[in-house]
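> Below is one structure. I have some questions about it.
No value in this document is a laboratory result; all are computed from the given coordinates. This is a predicted model, so every value here is computed, not measured.
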Amino acid sequence: AFVDVWTGAVIAAGTSGSMYNSQVYPLPQNDMVLVSNQYAVTFIYRLSTGEMLTRGGGTNLPPVVEGDCVVVGRIVFTCIGTTADGWLRHASPEPSPGTVAFGVAGDRVLVTSLSDVTAMLAANGSLVYSRGLPGSAVNGGVVAVGDYVVAFSTNAAVWVLDVSTGTLRHTMQMPLCQQAPTSASEYNVVVGAKVFVAGQAGCVFAVDLTNPANPAVTVAVNALSSASGNANDGYPTPLFKGASTVYWLDAPVGLLTAIDTATATTRWRSQVPVGTSYRAVAEYGVFVYAVAGSHAVNVHAANSGDIVASVPISNGTLFGTVKAFNGRVWLPTYAGVASMNADPAAAVAGDVQYVEAFPTGQASNTAAGEISVSADGVLVIVNPQENSAAVDTSTHRVLWTTSTGARNNGNQPPFDIVGGLVVGGVSGDGFTVRDLHTGHVFHRWKLTGAYQTVTFDDRVWIVDGVAMFASLDNLVAGLPIGA
């Protein structure tokens with residue numbers, strides 16, 4: 001309970017689990033207090049209202065105050081440091097949710113951990129709010145849609161929160177998929193006021209916030225992501241966004257589905273080769289390009305899904321993002337990147353080129369991972385294990401290469417292109433800001449101690465000159481890259 005010492009009036013009272021053997025620590029941070037109980041669970045409250053600001057596993061050791069941040073125990077903290085070199089924040093590690101699912105809303109970073117949705121200021125990592133959600137753990141991510149935040153649970157619930165305060169506005173249940181319940185996967189795309197999300201066991205769902213007072217969840221594709229006897233039964237598959245279409249390439253079943261974003265209904269379905277590998281899709285003009293396997297790309301008519309061509313890619317196994325730019329389609333391979341004419345007739349006739357960006361053998365066991373293309377036509381490849389490179393798409397010339405350092409996981413370092421800069425690359429090489437055209441390093445941050453071995457998520461978010469990235473170990477970092 002919180003009682004005014006002068007009047008004896010009760011400000012707030014309630015329960016937050018066991019308070020047995022608790023220790024109370026006033027904090028020199030506005031009017032906050034920290035309580036740590038016998039189970040090493042920590043709570044931070046606002047004294048004037050009794051509102052719980054954050055919670056998490058920790059330790060019964062006294063907290064340490066560093067500037068405007070409170071460090072709880074050895075590894076769990078509200079935030080740690082706000083310096084010119086950036087900030088780090090760690091969520092509760094027990095039990096681990098498997099990922100820190102990321103989102104950005106205005107100047108705020110949105111993070112999910114356990115059954116909480118947390119908002120932090122991008123500028124310094126300071127806490128805005130941390131809201132516990134009913135039911136089971138948050139799963140599959142958190143998505144900002146206008147003035148609202150959409151989060152998904154492991155028990156197929158959908159939560160809609162107010163983005164500014166974290167107040168829970170609506171709780172909905174995801175419909176059945178082929179008469180079976182399924183929760184959301186990590187694959188989702190936002191189109192206007194709709195969130196399209198792939199289910200863990202199949203189907204694609206649309207969360208519609210067009211009328212935020214009465215949101216709805218519908219089934220956009222009613223099909224299980226499984227095939228009898230397939231080793232990849234039940235695995236979720238990614239979604240890709242086109243001009244007015246969301247594409248779902250369900251490799252285990254062998255189907256490419258086009259979803260009309262206006263109606264959230266299936267527009268067409270087209271057969272593709274069955275396989276367990278990751279498949280990528282890109283829309284360009286009147287065609288849709290879908291990776292059909294390790295060595296081929298199918299070209300579909302965007303209006304009907306009909307296959308108009310199949311283009312063989314002979315030099316290296318295809319993997320990762322497909323990008324269409326300036327009349328060509330770019331695909332990462334083991335050795336670098338493949339480039340095919342966007343005109344399917346020309347591509348079939350042999351207009352496929354290969355850029356050997358990496359030395360022979362150095363990337364022989366790992367595909368090139370992620371690619372991105374700048375507005376002036378420079379393509380950047382980031383390899384999950386060893387290399388990064390930039391390629392001039394007009395000349396197919398390699399501009400620069402660099403080693404990102406060996407990594408012990410299959411996730412490529414997160415990166416993004418911002419103007420003339422390449423921002424990212426978290427690995428043994430550190431997190432860098434490079435010149436897009438020369439590879440010159442303007443700034444490098446090294447992660448030390450326990451953070452050298454964390455498994456990072458695959459995306460970097462940039463807000464107001466701060467680059468942020470997350471790890472699968474519940475670490476979130478923000479680094480200032482300048483204007």
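> Whole-Hz ³J(HN,Hα) for each residue in the range 332-337, computed from phi via Karplus 6.51 cos²θ - 1.76 cosθ + 1.60 with θ = phi - 60°, x for glycine and proline: what do you get?
Here the 3J(HN,Hα) series is x, 10, 3, 8, x, 8 Hz.
> 5 Å is the cut-off here: which amide hydrogens, built 1.01 Å from N in the peptide plane, fall below it relative to residue 308, excluding neighbours closer than 5 in sequence?
For residue 308, the qualifying residues are 299, 300, 301.
> Here is a further query. Once amide H atoms are placed 1.01 Å from N in the peptide plane, what residues at a sequence separation of 5 or more from residue 182, or on another chain, have their amide H within under 5 Å of its amide H?
The list, which skips near neighbours in sequence, is 177.
> I've got another one for you. Residue by residue through the range 172-186, which ³J(HN,Hα) values in whole Hz follow from phi under the Karplus form 6.51 cos²θ - 1.76 cosθ + 1.60 (θ = phi - 60°), with glycine and proline marked x?
My calculation for the range 172-186 gives 10, 10, 5, x, 5, 10, 6, 6, 10, x, 8, 8, 6, 8, 7 Hz in order.
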